[in-house]
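In what follows, a single structure is set out as structure tokens and then discussed.
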Amino acid sequence: MASDSAVTEAVTLAVSQAQVSERSQLYVGFSGGVDSTVLLHAVWQLYPTRVTALHANHQLQPDARNWQRHCESVCRSLGVSFLTSLTPPRTSDSGPEAAARDARYEWFESVLGEGDLLLLAHHQDDQVETVLLRLLRGAGAAGLGGMAPQRAHGMGSVLRPLLNLPRAELESYAKSEKLMWIDDPSNASDAFDRNYLRHSVVPRLAERWPGYRATISRAARQLRELSGLLDESGLPTLFSAVGDPGLALSDLPDEAILAQEALRTWLRSMGCEVPNEARLVEFLRQLRGSEGGLLEMDQYLLQRYRHRLYCRPHGADEVPSPVTLEASGRFPWADGSQVHVKGVERAEQGLRLRTRGPGDRIKLADGHHHDLKKVFQDHGLPPWWRHQIPLLCSAGSQGERVLAVGHLARAPEAIARGLSLDWEAPVFRP
């Protein structure tokens, strides 16, 4: 086992490699447990005037308030600044632990200023547990890469300086420094997957493979590096005629495993929830086998149109009501979108906005009348928007004429009169 100075050496190295300025603030995520207590003490020893402890009180335990008081007391004894936040987790299908983590990181992000560092006490045993959990859940290369030693977070960065040290090293430091900490009783319950791994699975691994921490950590680092290379050579984002983000199917690698990872990487870059492996494999099979392909997630839908794959919102099925126009301006349309109409004079009569109807056609610059279906196809308008795209129409003695089809096409009459439309479609925006 390394000496007790291994903790301070790891912190010193990590902070120096982060290349922060002397003005950068150092924050430590401080729960009061042994791991974060060790990290706070080590950072305080090295940077006594620059450190602030952040304690997120999720109010999930009966003793949560007492834990907060303990953390305040520890910080007072060290002369360390202390910030706390009551951050009850929102309801989540992922469970209370995931919801609490999300709430905690949102608060952390709100605190960090430009160039600041948030140091977290995750260690090598945590990394092993994370990789094993993700492996059992069918994660890809990015997930199996585990926790990164450093990553951007808000205007600052998250730093995990203790990832290469085992839990025993931190416990040794805590005892040698006579530190006081809190033991969370929930850590003893095997009802949580992580605790089950820690208490029942990992000890059996250690009996057979004593060096499992180093080997699993090394594998995670290699997968993280592979994922980074995929990120750098990621799929370019294209956009539909109304702004749906998408990608060209021809850009997906031919090899199934590479196609899965490329699509995962693209979805993460979009801020989208990534589907599990079974759903992703089935979706890619559909894409390869036919003109179809639809993947429904809670946040978005992935849908094929022609030779592209687009990310679009749910609920794009509202049919807006016609709007009679008396002047130019912005008008509410479907699903919270707006239509911007230009060139309408107050004296004009018989102009209105509506959606397409049977037999609608528009006369274009070539002198011919074109069916709207052909206009949609020529401009690559995906089918899911065709019932919502606004038409500018003018009433006449021979019936209503279509003067403009959204921003896609205008009749010569509309051009001559200076009439135009701009539809801000309710496309998916992560």
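Quick notes
- Between GLU177 and ARG151, residue separation times 0.36 nm minus the direct Cα-Cα distance comes to 6.4 nm.
- Estimated 222 nm signal from helices in the chain, with DSSP H stretches of n ≥ 4 weighted -39500 (n - 2.57), rounded to 500: -11000 deg cm²/dmol
- Of the solvent-accessible surface of segment 196-323, computed with a 1.4 Å probe and all protein chains present, 53% belongs to carbon and sulfur.
- Ligands, DNA and RNA left out, the 1.4 Å accessible surface of segment 373-430 is 49% carbon and sulfur atoms.
- Neighbours of GLY140, meaning other residues whose beta-carbon lies under 11 angstrom from its beta-carbon, give a summed charge of +2 when Lys and Arg score +1 and Asp and Glu score -1.
- Residue order by solvent-accessible surface for THR215, THR8 is THR215, THR8, largest first, with ligands and nucleic acids left out and a 1.4 Å probe.
- Segment 188-345 shape via C-alpha gyration tensor axes, a/c threshold 1.5: prolate
- Tail fraction, Cα-Cα pairs, segment 270-318, threshold 14 Å, whole percent: 52
- Of all accessible heavy-atom area on segment 81-145, the percent that carbon and sulfur account for (1.4 Å): 49
- Counting charges near GLY33 (Lys, Arg +1; Asp, Glu -1) among other residues having Cβ under 10 Å from its Cβ returns a value of -3.
- Label-point separation in nm, GLU273 to THR237, each point 7 Å along Cα→Cβ: 2.0
- Full-stretch length increase - ASP366, THR84 - with 0.36 nm per residue and alpha-carbon distance subtracted: 94.7 nm
- Annotation: average projected area of segment 278-430 is 10.5 square nanometres, based on the convex hull of Cα atoms across all directions.
- Rounded accessible area of PHE331 (nearest 10 Å², 1.4 Å probe): 40
- Overall, the anisotropy analysis places segment 307-393 in the oblate class: the square-rooted eigenvalues a ≥ b ≥ c of its C-alpha gyration tensor yield a/c not less than 1.5, with a/b not exceeding b/c.
- Local electrostatic count, VAL202, Cβ distance below 14 Å [Lys/Arg +1, Asp/Glu -1]: 0
- Solvent-accessible surface of the chain, averaged per residue with a 1.4 angstrom probe and all protein chains in place: 51 square angstrom.
- Placing +1 on each Lys and Arg Cβ and -1 on each Asp and Glu Cβ, with no other charges, gives the chain a dipole about its Cα centre of roughly 620 debye.
- With an a/c value of 1.5 or above and a/b not larger than b/c for the gyration tensor axes a ≥ b ≥ c computed over the alpha-carbon atoms, segment 1-148 is described as oblate.
- Protection proxy ranking, highest mean first, for peptides 420-426, 339-345, 321-327, 60-66: 420-426, 339-345, 321-327, 60-66, where packing is the per-residue count of other beta-carbon atoms within 10 Å, averaged.
- A simple spin-label model places the labels of GLN222 and ARG101 2.5 nm from each other, with each point 7 Å out along Cα-to-Cβ.
- Under-5 Å amide H pairs with THR84, H placed in peptide plane, nonlocal only: HIS55
- Degrees between helix 256-269 axis and first principal axis of the chain (Cα, 0 to 90, nearest 10): 90
- Each semi-axis of the equivalent ellipsoid for segment 185-253 is √(5λ) with λ an eigenvalue of the Cα gyration tensor; in descending order they amount to 42, 19, 9 Å.
The values are calculated or read from the model by the stated rules, or taken from the named source; none is laboratory data. Every value quoted in this text rests on a predicted model; they were computed, and no experiment measured them. Methodologically, a virtual Cβ is constructed for each residue, glycine included, from the backbone with ideal geometry; neighbour enumeration extends over all protein chains shown. These area figures cover heavy atoms from the full protein model, side chains too; ligands, DNA and RNA do not enter into them. Shrake-Rupley method; radii C 1.70, N 1.55, O 1.52, S 1.80 Å.
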